[in-house]
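These notes are about the structure you will find just below.
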Amino acid sequence: MDAPGSLSTALRRGTLEFCVLALMEEDEQYGVELVRRLGAERTLTTSEGTLYPLLARLRRAGWVETTWRESPSGPPRRYYALTEHGRRALHHFRDEWSSFRDTVDRIVGTRAA
Amino acid sequence: MNTYDGLVNDYLRAVEEALAGVPANRRAELLADLSEHIAARRAELSPEQETEVEVRSILELLGDPEELAAEVMLDADPVAPPGPLWPAGALDDSGPPGSSGALGSSGSVGSSGALGRSGSPGALGPPGSSGSLGSSGFPGAPGPSRSSGSLGPSGPLGSGRPGSAGRSEPADALPPSAAPILIQPKKKSAAVIWVVVTIGAVASMCVVAVLLGVFLFAMSRDSSSGEDSPVPRQEVPAPTAAPTSSPS
(Lines give C-alpha, C1' and ligand atoms only; values in the text may rest on other atoms or scores of the structure.)
Protein backbone atom coordinates (compact mmCIF):
# COMPACT_ATOMS: atom_id res chain seq x y z
CA MET A 1 0.00 0.00 0.00
CA ASP A 2 1.22 3.47 -0.79
CA ALA A 3 2.72 5.63 1.90
CA PRO A 4 0.70 8.62 3.08
CA GLY A 5 3.07 10.92 1.18
CA SER A 6 2.29 9.14 -2.04
CA LEU A 7 -1.40 9.60 -1.40
CA SER A 8 -0.95 13.34 -0.99
CA THR A 9 1.04 13.45 -4.19
CA ALA A 10 -1.61 11.47 -6.02
CA LEU A 11 -4.39 13.71 -4.75
CA ARG A 12 -2.51 16.83 -5.76
CA ARG A 13 -1.87 15.45 -9.19
CA GLY A 14 -4.48 16.71 -11.53
CA THR A 15 -5.98 19.21 -9.12
CA LEU A 16 -3.21 21.64 -8.24
CA GLU A 17 -2.96 23.01 -11.75
CA PHE A 18 -6.61 24.00 -11.62
CA CYS A 19 -6.07 25.72 -8.30
CA VAL A 20 -3.38 27.74 -10.04
CA LEU A 21 -5.73 28.55 -12.89
CA ALA A 22 -8.42 29.58 -10.43
CA LEU A 23 -6.07 32.08 -8.78
CA MET A 24 -5.59 33.76 -12.13
CA GLU A 25 -9.23 33.77 -13.04
CA GLU A 26 -10.03 37.25 -11.85
CA ASP A 27 -6.82 38.98 -12.74
CA GLU A 28 -3.30 38.32 -13.88
CA GLN A 29 -0.84 37.36 -11.19
CA TYR A 30 2.77 38.20 -10.58
CA GLY A 31 4.58 34.89 -10.86
CA VAL A 32 6.66 35.14 -7.71
CA GLU A 33 3.68 36.23 -5.67
CA LEU A 34 1.58 33.43 -7.12
CA VAL A 35 4.22 30.88 -6.22
CA ARG A 36 4.62 32.33 -2.74
CA ARG A 37 0.88 32.20 -2.17
CA LEU A 38 0.51 28.62 -3.31
CA GLY A 39 3.72 27.57 -1.65
CA ALA A 40 2.25 28.56 1.68
CA GLU A 41 -0.57 26.07 1.16
CA ARG A 42 1.11 23.01 2.53
CA THR A 43 -1.83 20.83 1.63
CA LEU A 44 -1.31 21.67 -2.01
CA THR A 45 2.42 21.97 -2.43
CA THR A 46 5.59 20.71 -0.87
CA SER A 47 7.71 23.67 -1.89
CA GLU A 48 7.59 26.84 -3.95
CA GLY A 49 9.98 25.50 -6.53
CA THR A 50 7.76 22.61 -7.56
CA LEU A 51 5.23 25.12 -8.85
CA TYR A 52 7.53 26.30 -11.61
CA PRO A 53 7.43 23.03 -13.57
CA LEU A 54 3.65 23.18 -13.21
CA LEU A 55 3.52 26.76 -14.51
CA ALA A 56 5.72 25.71 -17.40
CA ARG A 57 3.29 22.92 -18.24
CA LEU A 58 0.41 25.38 -18.21
CA ARG A 59 2.33 27.68 -20.54
CA ARG A 60 3.05 24.84 -22.92
CA ALA A 61 -0.58 23.77 -22.85
CA GLY A 62 -1.58 27.30 -23.79
CA TRP A 63 -3.73 27.65 -20.68
CA VAL A 64 -1.76 30.63 -19.40
CA GLU A 65 0.25 33.34 -21.04
CA THR A 66 2.94 35.49 -19.53
CA THR A 67 3.80 39.13 -19.77
CA TRP A 68 6.92 40.92 -18.63
CA ARG A 69 6.48 44.20 -16.84
CA GLU A 70 9.01 46.58 -15.50
CA SER A 71 9.17 46.70 -11.73
CA PRO A 72 9.46 49.89 -9.73
CA SER A 73 12.24 48.16 -7.84
CA GLY A 74 14.20 45.11 -8.76
CA PRO A 75 14.18 43.02 -11.90
CA PRO A 76 11.32 42.93 -14.40
CA ARG A 77 8.34 40.91 -13.32
CA ARG A 78 6.61 38.12 -15.12
CA TYR A 79 2.85 38.12 -14.92
CA TYR A 80 0.66 35.11 -15.59
CA ALA A 81 -2.82 35.38 -17.05
CA LEU A 82 -5.45 32.87 -17.98
CA THR A 83 -6.09 32.35 -21.68
CA GLU A 84 -9.50 31.56 -23.08
CA HIS A 85 -8.36 27.98 -23.49
CA GLY A 86 -7.36 27.90 -19.82
CA ARG A 87 -10.65 29.43 -18.78
CA ARG A 88 -12.57 26.70 -20.58
CA ALA A 89 -10.35 24.06 -18.97
CA LEU A 90 -11.08 25.52 -15.54
CA HIS A 91 -14.83 25.48 -16.14
CA HIS A 92 -14.64 21.92 -17.35
CA PHE A 93 -12.69 20.94 -14.25
CA ARG A 94 -15.27 22.54 -12.00
CA ASP A 95 -18.02 20.45 -13.56
CA GLU A 96 -16.01 17.26 -13.34
CA TRP A 97 -14.76 17.97 -9.85
CA SER A 98 -18.21 18.51 -8.39
CA SER A 99 -19.39 15.19 -9.70
CA PHE A 100 -16.18 13.43 -8.68
CA ARG A 101 -16.14 14.90 -5.19
CA ASP A 102 -19.79 14.02 -4.59
CA THR A 103 -19.23 10.44 -5.67
CA VAL A 104 -16.15 9.99 -3.50
CA ASP A 105 -17.87 11.58 -0.51
CA ARG A 106 -20.87 9.31 -0.94
CA ILE A 107 -18.84 6.13 -1.24
CA VAL A 108 -16.08 6.88 1.25
CA GLY A 109 -18.47 8.38 3.73
CA THR A 110 -16.97 11.83 3.94
CA ARG A 111 -20.07 13.69 2.91
CA ALA A 112 -20.80 16.55 5.26
CA ALA A 113 -23.82 15.87 7.46
CA MET B 1 29.55 39.52 -7.06
CA ASN B 2 27.44 39.55 -3.94
CA THR B 3 28.54 37.74 -0.82
CA TYR B 4 25.69 35.29 -1.06
CA ASP B 5 25.82 34.67 -4.77
CA GLY B 6 27.82 31.56 -4.04
CA LEU B 7 24.94 30.10 -2.08
CA VAL B 8 22.57 30.76 -4.95
CA ASN B 9 24.95 29.36 -7.51
CA ASP B 10 25.53 26.25 -5.44
CA TYR B 11 21.79 25.72 -5.22
CA LEU B 12 21.24 26.21 -8.95
CA ARG B 13 24.15 23.95 -9.70
CA ALA B 14 22.61 21.26 -7.51
CA VAL B 15 19.30 21.66 -9.32
CA GLU B 16 21.02 21.45 -12.66
CA GLU B 17 22.78 18.24 -11.62
CA ALA B 18 19.53 16.77 -10.36
CA LEU B 19 17.98 17.56 -13.72
CA ALA B 20 20.58 15.57 -15.61
CA GLY B 21 17.99 13.16 -16.96
CA VAL B 22 15.59 15.89 -18.02
CA PRO B 23 15.42 17.21 -21.57
CA ALA B 24 17.59 20.25 -22.01
CA ASN B 25 14.79 22.64 -22.80
CA ARG B 26 12.96 21.77 -19.61
CA ARG B 27 16.18 22.01 -17.66
CA ALA B 28 16.92 25.48 -18.98
CA GLU B 29 13.34 26.54 -18.43
CA LEU B 30 13.31 25.59 -14.78
CA LEU B 31 16.73 27.08 -14.10
CA ALA B 32 15.60 30.35 -15.64
CA ASP B 33 12.39 30.34 -13.59
CA LEU B 34 14.24 29.62 -10.36
CA SER B 35 16.85 32.25 -11.06
CA GLU B 36 14.18 34.79 -11.77
CA HIS B 37 12.39 33.87 -8.55
CA ILE B 38 15.54 34.13 -6.46
CA ALA B 39 16.47 37.47 -7.99
CA ALA B 40 13.00 38.85 -7.37
CA ARG B 41 12.94 37.66 -3.77
CA ARG B 42 16.37 39.09 -3.08
CA ALA B 43 15.34 42.37 -4.63
CA GLU B 44 12.65 42.66 -1.97
CA LEU B 45 15.31 42.78 0.69
CA SER B 46 17.22 45.89 1.51
CA PRO B 47 21.01 45.53 1.61
CA GLU B 48 20.84 45.36 5.39
CA GLN B 49 18.17 42.72 5.31
CA GLU B 50 19.96 40.49 2.90
CA THR B 51 21.68 38.17 5.27
CA GLU B 52 22.83 34.63 4.78
CA VAL B 53 19.81 33.46 6.73
CA GLU B 54 17.46 35.30 4.40
CA VAL B 55 19.10 33.95 1.27
CA ARG B 56 19.13 30.43 2.66
CA SER B 57 15.49 30.82 3.56
CA ILE B 58 14.61 31.77 0.00
CA LEU B 59 16.42 28.71 -1.30
CA GLU B 60 14.88 26.44 1.29
CA LEU B 61 11.40 27.56 0.37
CA LEU B 62 12.12 26.73 -3.22
CA GLY B 63 12.69 23.17 -2.18
CA ASP B 64 15.06 20.31 -2.51
CA PRO B 65 16.73 20.01 -5.93
CA GLU B 66 15.84 16.32 -6.18
CA GLU B 67 12.23 17.12 -5.43
CA LEU B 68 12.16 19.74 -8.17
CA ALA B 69 13.72 17.32 -10.61
CA ALA B 70 11.09 14.71 -9.78
CA GLU B 71 8.37 17.22 -10.52
CA VAL B 72 9.91 18.11 -13.87
CA MET B 73 10.29 14.46 -14.78
CA LEU B 74 6.60 13.86 -14.37
CA ASP B 75 5.92 15.04 -17.85
CA ALA B 76 9.37 14.92 -19.33
CA ASP B 77 9.95 13.72 -22.82
CA PRO B 78 12.57 11.11 -23.50
CA VAL B 79 15.99 12.35 -22.62
CA ALA B 80 17.53 14.46 -25.30
CA PRO B 81 20.99 13.46 -26.41
CA PRO B 82 23.88 15.60 -25.31
CA GLY B 83 25.04 18.29 -27.63
CA PRO B 84 23.58 21.54 -28.83
CA LEU B 85 20.16 21.71 -27.37
CA TRP B 86 18.24 24.24 -29.37
CA PRO B 87 18.93 26.71 -32.07
CA ALA B 88 20.32 29.99 -30.91
CA GLY B 89 17.65 32.11 -29.37
CA ALA B 90 15.28 29.25 -28.77
CA LEU B 91 15.28 29.93 -25.09
CA ASP B 92 14.84 33.64 -25.41
CA ASP B 93 11.34 33.37 -24.08
CA SER B 94 12.67 32.60 -20.65
CA GLY B 95 14.25 35.94 -20.14
CA PRO B 96 12.90 39.17 -18.91
CA PRO B 97 13.25 42.38 -20.84
CA GLY B 98 16.69 43.81 -20.99
CA SER B 99 18.46 40.61 -20.26
CA SER B 100 20.91 38.95 -22.53
CA GLY B 101 23.23 36.07 -22.36
CA ALA B 102 23.81 32.45 -22.04
CA LEU B 103 20.56 30.59 -22.32
CA GLY B 104 19.31 32.75 -25.09
CA SER B 105 22.36 33.50 -27.10
CA SER B 106 24.03 30.16 -27.00
CA GLY B 107 21.00 27.93 -26.79
CA SER B 108 22.93 25.49 -24.72
CA VAL B 109 22.90 24.92 -21.03
CA GLY B 110 26.33 24.81 -19.63
CA SER B 111 27.99 26.48 -22.53
CA SER B 112 30.18 29.45 -22.06
CA GLY B 113 28.58 32.01 -19.90
CA ALA B 114 25.79 29.79 -18.67
CA LEU B 115 27.22 27.40 -16.21
CA GLY B 116 30.88 27.46 -16.79
CA ARG B 117 32.80 25.09 -19.00
CA SER B 118 32.57 26.18 -22.53
CA GLY B 119 30.75 23.93 -24.92
CA SER B 120 30.00 21.09 -22.57
CA PRO B 121 26.29 20.85 -22.01
CA GLY B 122 25.46 20.55 -18.41
CA ALA B 123 29.04 20.84 -17.33
CA LEU B 124 29.84 23.04 -14.43
CA GLY B 125 32.90 25.13 -14.51
CA PRO B 126 34.89 25.93 -11.45
CA PRO B 127 34.06 29.22 -9.84
CA GLY B 128 36.08 31.92 -11.37
CA SER B 129 36.78 30.10 -14.57
CA SER B 130 35.96 31.63 -17.88
CA GLY B 131 32.24 32.02 -18.17
CA SER B 132 31.71 30.55 -14.76
CA LEU B 133 29.06 31.60 -12.37
CA GLY B 134 29.21 35.13 -11.37
CA SER B 135 28.44 38.20 -13.32
CA SER B 136 27.44 36.05 -16.25
CA GLY B 137 26.53 32.89 -14.42
CA PHE B 138 23.10 31.50 -13.72
CA PRO B 139 20.23 33.60 -14.82
CA GLY B 140 19.87 36.28 -12.26
CA ALA B 141 22.01 34.44 -9.82
CA PRO B 142 24.24 37.26 -8.81
CA GLY B 143 21.42 39.04 -7.18
CA PRO B 144 19.13 41.86 -7.93
CA SER B 145 20.27 45.24 -9.00
CA ARG B 146 22.98 45.49 -6.41
CA SER B 147 25.49 43.57 -8.40
CA SER B 148 26.59 43.83 -11.96
CA GLY B 149 25.14 40.43 -12.74
CA SER B 150 21.55 41.16 -12.03
CA LEU B 151 18.77 40.21 -14.36
CA GLY B 152 19.44 43.33 -16.33
CA PRO B 153 22.24 43.76 -18.77
CA SER B 154 24.21 40.60 -18.22
CA GLY B 155 21.60 38.21 -16.93
CA PRO B 156 21.75 35.22 -19.23
CA LEU B 157 18.07 34.53 -19.53
CA GLY B 158 17.74 35.39 -23.16
CA SER B 159 18.27 38.05 -25.65
CA GLY B 160 17.29 41.49 -24.62
CA ARG B 161 13.82 42.82 -24.87
CA PRO B 162 14.36 46.52 -24.58
CA GLY B 163 11.17 48.26 -23.96
CA SER B 164 9.20 45.08 -23.98
CA ALA B 165 7.47 45.66 -20.71
CA GLY B 166 3.93 44.53 -20.96
CA ARG B 167 4.52 42.47 -24.05
CA SER B 168 2.78 39.16 -24.13
CA GLU B 169 4.90 36.07 -24.33
CA PRO B 170 4.15 33.14 -26.58
CA ALA B 171 3.07 30.03 -24.77
CA ASP B 172 6.31 28.28 -25.41
CA ALA B 173 9.19 29.02 -27.67
CA LEU B 174 10.53 25.52 -27.58
CA PRO B 175 9.01 23.09 -30.00
CA PRO B 176 8.14 19.97 -28.01
CA SER B 177 8.42 17.87 -31.10
CA ALA B 178 11.89 19.11 -31.92
CA ALA B 179 13.62 16.32 -30.05
CA PRO B 180 15.19 13.95 -32.56
CA ILE B 181 13.83 10.44 -32.85
CA LEU B 182 16.46 7.97 -31.84
CA ILE B 183 16.51 4.40 -33.10
CA GLN B 184 18.58 1.97 -31.13
CA PRO B 185 21.13 0.11 -33.27
CA LYS B 186 19.81 -3.32 -32.26
CA LYS B 187 16.27 -2.36 -33.13
CA LYS B 188 17.44 -0.88 -36.39
CA SER B 189 19.18 -4.08 -37.51
CA ALA B 190 16.17 -6.13 -36.44
CA ALA B 191 13.93 -3.90 -38.48
CA VAL B 192 16.17 -4.26 -41.53
CA ILE B 193 16.16 -8.05 -41.17
CA TRP B 194 12.40 -8.04 -40.84
CA VAL B 195 12.02 -5.96 -43.99
CA VAL B 196 14.38 -8.20 -45.97
CA VAL B 197 12.58 -11.36 -44.83
CA THR B 198 9.23 -9.84 -45.71
CA ILE B 199 10.40 -8.81 -49.16
CA GLY B 200 11.85 -12.29 -49.71
CA ALA B 201 8.62 -13.95 -48.67
CA VAL B 202 6.54 -11.75 -50.92
CA ALA B 203 8.89 -12.35 -53.85
CA SER B 204 8.75 -16.12 -53.30
CA MET B 205 4.98 -16.02 -53.25
CA CYS B 206 4.96 -14.03 -56.49
CA VAL B 207 7.23 -16.56 -58.19
CA VAL B 208 5.10 -19.48 -57.00
CA ALA B 209 1.96 -17.71 -58.18
CA VAL B 210 3.45 -17.06 -61.63
CA LEU B 211 4.63 -20.65 -61.98
CA LEU B 212 1.27 -21.94 -60.89
CA GLY B 213 -0.43 -19.69 -63.45
CA VAL B 214 1.84 -20.89 -66.20
CA PHE B 215 1.22 -24.48 -65.25
CA LEU B 216 -2.53 -24.06 -65.19
CA PHE B 217 -2.43 -22.22 -68.48
CA ALA B 218 -0.45 -24.99 -70.06
CA MET B 219 -2.83 -27.59 -68.67
CA SER B 220 -5.86 -25.79 -69.94
CA ARG B 221 -4.23 -25.33 -73.32
CA ASP B 222 -3.47 -29.00 -73.55
CA SER B 223 -6.99 -30.01 -72.71
CA SER B 224 -8.57 -27.48 -75.07
CA SER B 225 -6.28 -28.47 -77.91
CA GLY B 226 -7.37 -32.04 -77.40
CA GLU B 227 -10.97 -31.06 -77.85
CA ASP B 228 -10.43 -28.98 -80.97
CA SER B 229 -8.32 -31.41 -82.91
CA PRO B 230 -10.32 -33.18 -85.53
CA VAL B 231 -10.77 -36.72 -84.60
CA PRO B 232 -10.44 -38.86 -87.57
CA ARG B 233 -13.83 -40.13 -88.09
CA GLN B 234 -13.80 -43.73 -88.47
CA GLU B 235 -15.78 -44.87 -91.20
CA VAL B 236 -18.29 -47.08 -89.81
CA PRO B 237 -18.94 -49.62 -92.35
CA ALA B 238 -22.47 -49.55 -93.25
CA PRO B 239 -24.00 -52.60 -92.07
CA THR B 240 -24.36 -54.74 -94.87
CA ALA B 241 -27.62 -56.26 -95.15
CA ALA B 242 -27.25 -59.73 -94.37
CA PRO B 243 -28.58 -61.75 -97.07
CA THR B 244 -31.68 -62.96 -95.86
CA SER B 245 -32.49 -66.13 -97.17
CA SER B 246 -35.99 -66.33 -96.97
CA PRO B 247 -37.12 -69.70 -97.35
CA SER B 248 -39.12 -69.66 -100.17
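The values are calculated or read from the model by the stated rules, or taken from the named source; none is laboratory data. Worth saying up front: this structure is predicted, and the values here are computed from it rather than measured. FYI the Cβ positions are ideal-geometry reconstructions off the backbone, even for glycines, and counts take in every protein chain you see. Surface accessibility is based on the protein's heavy atoms, side chains included, excluding ligands, DNA and RNA. Shrake-Rupley method; radii C 1.70, N 1.55, O 1.52, S 1.80 Å.
Listed values, structure above:
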| item | result |
| --- | --- |
| Members of the range B:5-22 that are within 12 Å of another protein chain (Cβ to nearest Cβ) and open to solvent by less than 10 Å² (accessible area, probe 1.4 Å) | B:Leu12, B:Val15, B:Leu19, B:Val22 |
| Conditions (1) under 14 Å from the mean Cα position of the chain (by Cα); (2) open to solvent by less than 20 Å² (accessible area, probe 1.4 Å): number failed by A:Trp63 | (2) |
| First in the range A:38-67 and without any contact (Cβ under 8 Å) to a residue 60 or more places away in the chain and over 18 Å from B:Leu34 (Cα atoms), second anywhere and assigned to a loop (DSSP other than H, G, I, E, B) and of a type in the set (A, V, I, L, M, F, W, C), Cβ under 6 Å, 6 or more apart | A:Gly62/B:Ala171 |
| Test: A:Leu51 is at the interface with chain B (Cβ under 9 Å from one of its Cβ atoms), under 18 Å from A:Leu11 (Cβ atoms) and open to solvent by less than 80 Å² (accessible area, probe 1.4 Å) | yes |
| A:Leu44 being more than 9 Å from chain B (Cβ to nearest Cβ) and open to solvent by less than 50 Å² (accessible area, probe 1.4 Å) | yes |
| Neighbours by Cβ (under 9 Å, 6+ apart or cross-chain): first from the range B:195-221, surrounded by fewer than 10 Cβ atoms within 10 Å (Cβ to Cβ); second part of a helix (DSSP H, G or I) | none |
| Where A:Gly49 falls short, out of the listed (1) modelled with pLDDT of 95 or more; (2) in a loop (DSSP other than H, G, I, E, B) | (1) |
| Qualifying position, being within 8 Å of chain B (Cβ to nearest Cβ), more than 16 Å from B:Asp33 (Cβ to Cβ) and open to solvent by 70 Å² or more (accessible area, probe 1.4 Å), among A:Glu96, A:Glu84, A:Glu70 | A:Glu70 |
| The listed residue being part of a helix (DSSP H, G or I), over 22 Å from A:Glu17 (Cβ atoms) and either modelled with pLDDT of 65 or more or open to solvent by 80 Å² or more (accessible area, probe 1.4 Å) (or both), out of B:Glu54, B:Glu48 | B:Glu54 |
